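Working notes, structure below.
The values are calculated or read from the model by the stated rules, or taken from the named source; none is laboratory data. Since we're looking at a predicted model, the values are computed, not measured. Heads up, the Cβs are rebuilt from the backbone with ideal geometry, glycines too, and the neighbour counts pull from every protein chain shown.
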Amino acid sequence: MNRICLVVSLVLLLSISIIVEVAAVPAVRAGIQKDAEIIAVRGEGWVRFIRQADWEAALQSQALTAGDAVRTGALGKMDLLFADGAQIKVHQKTTIQIKEVGVPGSGKGSLLGLDVGEVWSRTRPSKDGLRIKTPSATAAIRGTDWDLLVEETGTSHLLVLKGQVELYNDLGSVSVGPGEQAVSEVGKAPVKTFLVRPKDRVQWIISYPLEIADIVVFTTLRRPDAVRAVAAARARAGAPGGTLALAELLYDVRERSESLKLTREVLAAEPGNSRALLLLGFLQLAEGRADDAGSAFNAALEHAKGLENIRARLGLAGVQLQKGAIAAAGGLIQELAADAAYPEPGIALAQFHAFQGDFTGAVQVCERYAARFPADERFPVMIADFSTTLDDTVRAEAAMRSALSINPNSAEALSVHGRQYYLSGRSSEAEASYRRALALDPAHTRSMSELGKLLMEKGHFEESYEQLSEALRREPRVSSSWSKRGMLMNWIENLPSSGKDLARATELNPGDYQSLTGLGVIALKEGRTREAVQYFLKAGLMDANYAEPHIFLAIAHYQLAEIDQALEELRLAAALDPKDPVPHIITYIIYQDTYRPMQAVEEATKALELLPNLKSVNPTQDTKRGLSNLGSALLGLGMDEWAGSYAEESFDLFDSASYRFVSNRFADNPAIYLSANMQSFLLNPMSIGFNKRYQDIVLKPQHNFIARTELGFEQGHPATAFSLIQEGFVRKPFEIDYLIQLDTYKNDGFRGNGYSRGYFLTYALGGRPDYKNGFFVYGAVTGDRFGDPGPIDRPDLDDFLKKRSYSVTAGYNKRLGPKSNLLFAFQQSETTNRYHNPDPLGVTVPDAVTASFIKSFGFDGASHVYNYLDIQFNDPLDILAAPPLSLSPITAGLPRTLDVNSRSLQKVQLKSDSVHAKHISEINEDHQLSIGIERTRHHLEVSEIDTLRTDFTDSYFYADLPTDSVKAIPLYANGTFPSTSVSQSGTTTIAYIDDRWKISGSLLLEAGLFYELYRDEINEIMGLHPRLGISWRFHRNHILRVAAQKRLLPVDPTLSPFTTAGVGFTYPRSQAFPGDTITDYQAGIESKWTDRLYSEIRVERRYHRWQKTRTLFQDQSFFDREDVNNRADLVSAALNLIISDRLGAFARYTNTNNKNISGRAILNPVGFEVPLTGRRAQYEPDHLFAAGIVYVSPRYLKAALSARYVSSQFVDDDNTYSLPGYWTTDLKVTGEFYKKHLQVVLDLTNLFDSYRETAQKIPGPGRSVYLTLEYRF
C-alpha cells in the first residue's frame, strides 16, 4: 500500500512540476506601457492585472502597468523595478496597487496605493517625486530610502533612512528626515515617534541563503575530524556497513560525487536501507533534484526513526524550499524545532528566520539552542554571522569569542571571523583567517569561495581561480561561487567565460545580486550602457545593502552624462560601505571632470583617509589623464605643491595613473616627465588615448574624433594652429587602444624673419592580449622651420633653422603575479637641426681686415676696436718693412646690420637608442622593490660650412697707442670650408635596486643603490650612487620629506625611479649634457593647516657637475671645458588657498644662489686656460615668483589669472650679459559646451606688454591673444 501511495505521490508531483514549468512564463501583454517589472518572487505572490478581477500567480520578469496590483502571502516577498529606476521591495501579507505613473518633468509623480502590509523603497531624488496613499495618510517621497508599514487597522508607520518624506492627511503633516520615524492613525494627524536602531526595522530586506543540505551532518560536526577519519573509513569499506559509513563521511567532507556512487552501490544491494535512502535524498537535494530527493526522503520515512526521521522531514522541508513552497517549508521546520532533542532543527529554524529577513528572531533561536547545546559552536557562530549582518559589532565579537572558546579549530567560526575582518577593511587578517579555516578543513567551501573573492580583489588571479573552481567542484549548485568566478573572469577581461559563469549563477538563483552586477559590468564594457543600468538596478534591489552595484550604476550614469544620478548613487554606495574609498575616488573623478574642483578636493581627502581600507585593487580603469590620482584636481587649480603631496601619499608603484600624474606634475623637468609617461604606458597600455569629454572610468569600445584650431595674434601678428585627433578602443580580437594625431602650426612672428611653421605627427598603439601581457608602441615624426631674426640691435632677415626628428618607443609588460611585473622597453630617436645662413657676414662681404676682426672678437669686440680712434693696424704685406711699422688708422665704424656669422650652414645631429629591463615587486605588502638595468647609446655630431678659414701663415697686427702695445689677430681667408666641430659617441649604463619601505602608516623609507657609467671619447664617469629618502607624517596634517640623491642625467627616458620618497630634483635650467651628474640634497615640510589652506617650504642644495666637452676648430686646435661643478642653493616656499567652492589661489617663490665651485676652459694645444670658478650658471635667475587666482564654475567655465616674476639671469659662461628681469601677467578662460562636445579657450598672455628677453637681445612676444576651438565628435 505504501508503495502504491508513493507511486501516486510521485505521479502527482511530476504532474504539478510539469504544470508549473508550463505556467512559469510571464503573461504577454501586447499594447500596454511597461511601467514596472517583477524582478523576483519568493514564496506566495500574486498579480491582478488592470480590468481583471482574479489574481494570478506572480512570475519573474512580468511586466506591470498603471492599474495593476500585486499581493504577497504569509511568507511571500516580491521585488519590483519601475521604469524611472524606483526600487520597491514588498514584504509579507502586503497588497499594493500602481494607481498612476508620472511623466518625468511634468511635476506630477507616480502614485501607489498601499492598503495593508509593508514596503521598502529606494527612489531617486526628484521634483516629481513618488506618492504612496495609505488608509490613514499619504507619503510624498522626495528620496531616497524609506520603509512604510500599514497595519490592518489602517495605521501607517513611516521610517526614513535617507532623504526626506512628507507624511500628510487632511488633519496635518509632518516632514520626516533621515533616521526619523512617523506614525499616522486613521482620523488623526501624523506625528513623529522615537526610533533607536533604524536598521532593525528594515532587516527583512536583507538576503540570506538557506540550504538544508548543508545543515545536516552524518558523522561529526567537527569536519577536520571527519577529514582525518576518511583514510580509516576507506580501509573498513569492505566490512558490513563500511561502505555506507564511508559514503556518509564523504558527504560531510563535500566529496559528494564519490559519496553518491557508494550510496547507489549500497541501495543496489539493500533497496530499503533507510540510512542510504536518507543520504541519497540529501545528495540529490544538493544537486537540485528536488523531486528525486522528495521520493528518497519519503521512502526513508517508511522505516526511519529518531534522528533519521527528523533528518528525513528536514530534507522534505528542503524540497519545498527548492520548489518555492516557502510556507510549507517553514511549517515543517517549525514543527521539527518544537522537539529540541537535536541541534539540526534549531539550525534550520534560525537560518529560516534569517532567510525571511528576521535576523533578530534568528539570533533569539540561536541563543535558546546555544543554552541547550553548549558544546555546539555552530550556534554562537551563527549569532556572530547574523549580528555582523545587522552591524551589531559588540554582539558579533562576543559571539565569536564564545564560538572559538568552544572550538578554536572551528573552520566555520574562522570563516565568519574572516568575513568580519573583510568588512572592516582588514584584508590581511581576513585572508589569514580563511587560510587557517581551510588548513583545518580543506573541504570548507564557504572559506574557499570567500578567499577566492579576496584573492581576486588583491590581484592573485591564478590562486583565486583555483579556490573558486575547487569550491564549485565540491558544491556546483552554489550560485555565489559561480558569480564570484564570473567576476574574476570579468576582471581579467575574459568576458566570454565571465558571461557563462554569471549566466549559470542566475540560472541557479535568479536573484543572485553578484551575478547581476557582473552581467551589468559586461554590458558596460561592451558599450551596452542602458542595459547595464537595468542589471545594476536589479542587483541593488536584490540586496539593498550591497554597495558595488551602485558604484557601477554611477559609472553607467556618468557615461550617459547623467551626472546628478551618478553622484547620488555614489553617495549611496559610500553610505552602504563607509570604509571603502572607491566611491570617493570615483566621485572625485566626476567632480574634477565636471568643473567642481573644490568638491573634488574634499572627496580626494576622504579617499586618502580611507585608502588603507581599500579591499581591492581599484575597479576603475585608468582615466588616461591621471585623473584617478588623488592630486589631479589641485594640479588643475595651479596648486602644484598640494597636488604633489596628495599624489605622493597615494602613489602606487604598480598604478599607471600615479605615473601619469607625476609626468603632469613635473612637466618642466624633461627627465622626469618623459620617464613617467613611458612607465605609465607600460603598466597600462590602455591609457594611451584619451576621451576628452566625460571619462569612461570603465573602458568601453569607442572611436573618437577631435578637431582643434587655434587663431592667435602674437603682438599683433597672426599665428594659427590646427590639429586632427583620432583615438579609440576595441575589445576584439583583444583589448587595443590607439591614437593618431596630426598637429600643424604657422606663426608669422612679431619681428621680421621671426616666423615659424611645422607639423607634428604622433601615433600610438597599446594592446593587452590577456591580463598577463601588455604592449605598446608610440612614436612621432616632426618637421619645423624657424626664422632667426637675430638680436634687436643687429637684425638678420634671412637666417633660418630646419628641424627634423623621429622617435619610436616600444614596451612590453609581463605580469608575473598580483604585485610582480617585468617591464621591457626599447627606444630610438634621431633629431637633425640645420641652421642656414644664406648671406654670411651680410650681403656685401666685408674687407679682409673687418672680417678678421669680427671672426676674432665678435661684433661687440670688433666695434670696440673700430670705434677707438687711437687704434691703428699694419697690413701684413708690410710685415717685413723696417721699423717703424707702416700704420694706418681705423676710422670707419661697423654697420649695425652686419651679419657677424661667417657660417653658411651648421648641422647638429643627435642619434640615440636604448634598451631597458625592470622588475617591480611587492614583498609582505610593506616593501615595493625595483630592480633594473638599462643601456643607452648616443652619437652627437656638429658639422658646419664656414666662409672664413684661418690663414695659418700670417696675422694682422694692430697697435693700441695709448697703452703702447702691439697685438696680433689671425688672418682669415674667404672661401667654402666644411668642418666638424663636435663628434661624440657615448654610452650610458645603469643598474639599480630600489626599495620603498612603508615602515608604518606615517613613515616611508626609500633607499636605492645605482651603478651608473657614462663613457665617450673623452669621458669616463663611473660611480656607485646611493639615494635615500624619508617621508614622515609627524603630525596628522604635516609631512616631512628629506632626500639625498645622486644621478646621471639620462639621454633617453629611463625606467629607473625618478623620485625618492616623493622628492624629485630641480632640473638645471642651464644647458645640460648626457653624462652630467646631479647631486641633490633636499628637505621640505608640507602642511595642511585647514581643509582649505596648504603651505610648503623646501630647502635644496644641488651640485651639477658637467662632463668634459670639446669643441674642434679649423686649425685642429680644440677647446675643452672641464671640471665644471656648479653649486646651487635653493629655498622655496608656497601657499595654496581654497577661498571658496569656486575660487582658489596660489603663490610660490624660489630663491636660487648658484656659482661654479670649480671649472676651467682650456684652448689646446697652446694650453691657454680661462678659470670658470665663481661664475654663475646660465639661465638660473636668483628670484622666481608666481601667483594666481583661479575661478571655476560648474557651468563648465574656468578662468585663471596669473602673474610671474623672473629676475635677471646670465646667458653665457663668462657672465658678460644678463637678461633683464621681468613681470608677465596672463589670463586664460576655458569653457566647455554642448555636453563637452565643444571647448573654447581664450588665452591672453603678457597682458601689460612687458619687455622680456629669451636670449641675449632676443625679445619675447609682447601682448598676445589666442582663441582655441575644439570639437569632440
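Condition (residue is under 30 Å from the mean Cα position of the chain (by Cα), free of Cβ contacts under 8 Å to residues at least 12 places away in the same chain, farther than 30 Å from Arg1176 by Cα and not in a strand (DSSP E or B)) applied to segment 1059-1066: is it met by at least one residue? For segment 1059-1066, residues under 30 Å from the mean Cα position of the chain (by Cα), free of Cβ contacts under 8 Å to residues at least 12 places away in the same chain, farther than 30 Å from Arg1176 by Cα and not in a strand (DSSP E or B): absent.
Taking segment 1052-1071 as the range and being over 23 Å from Asp1212 (Cα atoms) and in contact with a strand residue (DSSP E or B) (Cβ under 6 Å, 6 or more places away or on another chain) as the test, the residues that pass are Asp1052, Leu1055, Ser1056, Pro1057, Thr1060, Ala1061, Gly1062, Val1063, Phe1065.
Residues that are surrounded by 16 or more Cβ atoms within 10 Å (Cβ to Cβ) and not hydroxyl-bearing (Ser, Thr, Tyr) within segment 811-821 comprise Gly811, Asn813, Arg815, Pro818, Lys819, Asn821, listed in sequence order.
Does segment 455-474 hold any residues that are buried (at least 24 other Cβ atoms within 10 Å of the Cβ) and either under 24 Å from the mean Cα position of the chain (by Cα) or not in a helix (DSSP H, G or I) (or both), and which are they? Explain how you work it out, then say what you get.
Within segment 455-474, the subset buried (at least 24 other Cβ atoms within 10 Å of the Cβ) is 456, 464, 467-468, 471.
Hits for segment 455-474 are Met456, Ser464.
Screening Gly527 with (1) under 25 Å from Ser61 (Cβ atoms); (2) part of a helix (DSSP H, G or I); (3) touching a Lys or Arg at 6+ places or on another chain (Cβ under 6 Å) gives one miss only, at (2). Within segment 562-589, being touching a Leu at 6+ places or on another chain (Cβ under 7 Å), at pLDDT 90 or above and within 22 Å of Phe661 (Cβ to Cβ) holds for Pro583, His584, Ile586, Thr587. Just for segment 707-720: of the residues that are polar (S, T, N, Q) and modelled with pLDDT of 95 or more, which one is nearest to Gln1239 (Cα to Cα)? Going through the qualifying residues, I end up with Thr709.
Only residues that are more than 24 Å from Thr1077 (Cα to Cα) and in a strand (DSSP E or B): list them for segment 1020-1040, please. Correct list: Ser1031, Trp1032, Arg1033, Phe1034, His1035, His1038, Ile1039, Leu1040.
Selection of segment 745-756 for residues being crowded, with 16+ Cβ neighbours inside 10 Å and either in contact with a Leu (Cβ under 8 Å, 6 or more places away or on another chain) or part of a strand (DSSP E or B) (or both) yields Tyr745, Asn747, Asn753, Ser756. Is it true that Asp1141 is on the phi < 0 side of the Ramachandran plot and either under 32 Å from the mean Cα position of the chain (by Cα) or at pLDDT below 95 (or both)? For Asp1141, the condition - on the phi < 0 side of the Ramachandran plot and either under 32 Å from the mean Cα position of the chain (by Cα) or at pLDDT below 95 (or both) - is met. Of all residues in segment 543-556, those satisfying the criterion of being surrounded by 24 or more Cβ atoms within 10 Å (Cβ to Cβ) and of a type outside the set (Val, Ile, Thr) are Glu548, Pro549, His550, Phe552, Leu553, Ala554, Ala556. Just one of the listed residues (Glu185, Glu152, Glu118) is farther than 24 Å from Gly85 by Cα, in contact with a Ser or Thr (Cβ under 8 Å, 6 or more places away or on another chain) and acidic (Asp, Glu), and it is Glu185. Taking the criterion of being closer than 21 Å to Phe654 by Cα and not hydrophobic (A, V, I, L, M, F, W, C), would at least one residue in segment 449-456 satisfy it? Taking every residue of segment 449-456 in turn, at least one turns out to be closer than 21 Å to Phe654 by Cα and not hydrophobic (A, V, I, L, M, F, W, C). Residues in segment 557-578 that are more than 18 Å from Ala544 (Cβ to Cβ) and either among the hydrophobic types (A, V, I, L, M, F, W, C) or over 18 Å from the mean Cα position of the chain (by Cα) (or both): His557, Leu560, Ala561, Glu562, Ile563, Asp564, Ala566, Leu567. Looking at segment 151-257, the strands (runs of 3 or more DSSP E) lying wholly inside it that each contain 1 or more residues that are crowded, with 17+ Cβ neighbours inside 10 Å and not assigned by TED's automatic domain parsing to the domain that holds Ile347 sit at 156-169, 172-176, 180-184.
In segment 374-388, the residues that are at negative phi form Cβ pairs under 6 Å with partners that are among the polar types (S, T, N, Q) and surrounded by fewer than 24 Cβ atoms within 10 Å (Cβ to Cβ), at six or more places apart or across chains, as follows: Glu377/Asn407; Pro380/Ser402; Thr388/Gln420.
Do we find a residue being touching a residue at least 24 places away in the same chain (Cβ under 8 Å), aromatic (Phe, Trp, Tyr), surrounded by fewer than 22 Cβ atoms within 10 Å (Cβ to Cβ) and under 29 Å from Val1170 (Cα atoms) anywhere in segment 1028-1049? I'd like the intermediate steps shown before the answer.
Of all residues in segment 1028-1049, those touching a residue at least 24 places away in the same chain (Cβ under 8 Å) come to 1028-1034, 1037-1049.
Pick out the ones that are also aromatic (Phe, Trp, Tyr) and you get 1032, 1034.
Still in the running and surrounded by fewer than 22 Cβ atoms within 10 Å (Cβ to Cβ): 1032, 1034.
Now narrow it down to the ones that are under 29 Å from Val1170 (Cα atoms): none.
No: segment 1028-1049 contains no residue that is touching a residue at least 24 places away in the same chain (Cβ under 8 Å), aromatic (Phe, Trp, Tyr), surrounded by fewer than 22 Cβ atoms within 10 Å (Cβ to Cβ) and under 29 Å from Val1170 (Cα atoms).
Would you say Met456 is closer than 30 Å to Ala375 by Cβ, of a type outside the set (D, E, K, R) and not assigned by TED's automatic domain parsing to the domain that holds Lys538? Considered against the rule, which asks whether it is closer than 30 Å to Ala375 by Cβ, of a type outside the set (D, E, K, R) and not assigned by TED's automatic domain parsing to the domain that holds Lys538, Met456 comes out as no. The condition of being in contact with an Asp or Glu (Cβ under 9 Å, 6 or more places away or on another chain), closer than 24 Å to Asp145 by Cβ and of a type outside the set (A, V, I, L, M) does not hold for Gly179.
Among the listed residues Ala36, Ala40, identify the single one that is small (Gly, Ala, Ser), over 18 Å from Gln322 (Cα atoms), buried (at least 17 other Cβ atoms within 10 Å of the Cβ) and in contact (Cβ under 8 Å) with a residue 12 or more places away in the chain.
On the way: Ala40 fails: over 18 Å from Gln322 (Cα atoms).
Of Ala36, Ala40, the one residue that is small (Gly, Ala, Ser), over 18 Å from Gln322 (Cα atoms), buried (at least 17 other Cβ atoms within 10 Å of the Cβ) and in contact (Cβ under 8 Å) with a residue 12 or more places away in the chain is Ala36.
Give segment 267-287 a look and list any residue that's more than 20 Å from Leu221 (Cα to Cα) and either surrounded by 22 or more Cβ atoms within 10 Å (Cβ to Cβ) or not aliphatic (A, V, I, L, M) (or both), or say none. If you could, list the steps in order and put the result at the bottom.
Going residue by residue through segment 267-287, those that are more than 20 Å from Leu221 (Cα to Cα) are 267-274, 277, 284, 287.
Result: Glu270, Pro271, Gly272, Asn273, Ser274, Leu277, Gln284, Glu287.
This table checks each residue for (1) at pLDDT below 95; (2) under 30 Å from Gly452 (Cα atoms); (3) touching a Gly at 6+ places or on another chain (Cβ under 9 Å); (4) not aromatic (Phe, Trp, Tyr).
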residue: Phe722; (1), (2), (3), (4): no, no, no, no
residue: Gly728; (1), (2), (3), (4): yes, no, yes, yes
residue: Ile740; (1), (2), (3), (4): no, no, no, yes
residue: Phe750; (1), (2), (3), (4): yes, no, yes, no
residue: Gly758; (1), (2), (3), (4): no, no, yes, yes
residue: Leu765; (1), (2), (3), (4): no, no, no, yes
residue: Lys803; (1), (2), (3), (4): no, no, yes, yes
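Number of residues in segment 587-606 that are within 17 Å of Ala554 (Cα to Cα) and small (Gly, Ala, Ser): the value is 1. Tell me which residues, restricted to segment 770-806, are part of a strand (DSSP E or B) and either acidic (Asp, Glu) or farther than 30 Å from Asn901 by Cβ (or both). If the condition is that a residue be part of a strand (DSSP E or B) and either acidic (Asp, Glu) or farther than 30 Å from Asn901 by Cβ (or both), then Asp770, Asn773, Gly774, Phe775, Phe776, Val777, Tyr778, Gly779, Ala780, Asp784 are the ones that fit.
Do you know which residues across segment 89-110 are at pLDDT 90 or above and not in a loop (DSSP other than H, G, I, E, B)?
Pass one, segment 89-110, residues at pLDDT 90 or above: 89-99.
Lys89, Val90, Thr95, Ile96, Gln97, Ile98, Lys99 - these are the residues of segment 89-110 that are at pLDDT 90 or above and not in a loop (DSSP other than H, G, I, E, B).
Restricting the search to strands (runs of 3 or more DSSP E) fully inside segment 1176-1242 and requiring at least 1 residues that are out of contact with any Pro (no Cβ under 9 Å at 6 or more places or on another chain), among the polar types (S, T, N, Q) and more than 30 Å from Ile563 (Cβ to Cβ) gives 1222-1233.
Here's the yes/no breakdown for (1) under 28 Å from Gly76 (Cβ atoms); (2) buried (at least 24 other Cβ atoms within 10 Å of the Cβ):
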residue	(1), (2)
Arg289	yes, no
Asn298	yes, no
Ile333	yes, yes
Phe355	yes, no
Val365	yes, yes
Arg372	no, no
